[in-house]
1. Which length gain, in nm to one decimal place, applies between residue 28 and residue 238 when the Cα-Cα distance is subtracted from 0.36 nm times their residue separation?
2. Which residue fluctuates most in the GNM of the chain (Cα springs below 10 Å): 155, 143, 41?
3. Of the listed peptides 50-58, 146-154, what is their order by residue-averaged count of other C-beta atoms within 10 Å, with the highest listed first?
4. Specify the residue with the greatest mean-square fluctuation among 179, 229, 129, computed from a Gaussian network of the chain linking alpha-carbon atoms under 10 Å apart.
5. If you find the alpha carbon centre of the range 123-160 and of the range 65-105, how far apart are they in angstrom?
6. Under the 0.36 nm per residue contour assumption, what length would be gained going from the current alpha-carbon distance of residue 68 and residue 44 to full extension?
7. In a Gaussian network model over the chain where Cα atoms closer than 10 Å are linked, find which of 133, 144, 230 has the largest mean-square fluctuation.
8. Run lengths n ≥ 4 of DSSP H only: what is the helix-derived mean residue ellipticity at 222 nm for the chain, with -39500 (n - 2.57) per run over all residues, to the nearest 500?
């Protein structure tokens, strides 16, 4: 097959044109290996081999472009490439090459991920572990990365969240407030034992006054819509939801 001409498409990429309208984009590495810019003709076998090798390089460069945008784990990169319908052998070769070049390192990635979550979020260690598992990080690497998330850091974050939640749940009974805060912290990935340890020292002063104040607010609001027994029932419902079950109305 006769090579009609070639054209530089992007840095490191050339389009090779053959007779009868055949053309393909090739990476520089493939062009050098098959000397496509020096030859005037190429056999069908060479063209097919070069195209297969080029597809493998395309897999590698696709992964590299992804990593240039954002750090990813090996599992995430492999998943991304599978969606692009590259072959498993191409994916394995691309990942191996990226690891050798230092672009892919799951331990470095995991350490950076943990550090960023500590600095920028209120996520607990259990949630971060779950996130890293989802990203395909091996358990041994995960635990090494998690050493930065010390018990002291976790306790400080729990204290900070409790302080904010006390203000947000100021209209609830002590028990209801603690249950709500504990539930939120567990969902955020913090240790139940550390949560309960800090919550045990919290006491709500003047709970009867809070209950009375909430009752009056609820009663005044609902009395515009309900009367008699139905009003009493609706008010009790609202008071129970705030944790005031023993409040005599």
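1. 68.5 nm
2. With Cα springs under 10 Å in the chain, the top fluctuation among 155, 143, 41 is at 41.
3. So the order, starting with the most tightly packed, is 50-58, 146-154.
4. 229
5. Between the Cα centre of the range 123-160 and that of the range 65-105, the gap is 24 Å.
6. Computed gain between residue 68 and residue 44 is 5.1 nm.
7. Judging by the Gaussian network model, the answer is 230.
8. It lands at -20000 deg cm²/dmol.
A short reminder: the numbers here are calculations on the coordinates, not readings from a lab. This is a predicted model, so every value here is computed, not measured. Counting neighbours? That spans all protein chains shown, and the Cβs are built from the backbone with ideal geometry, glycine included.
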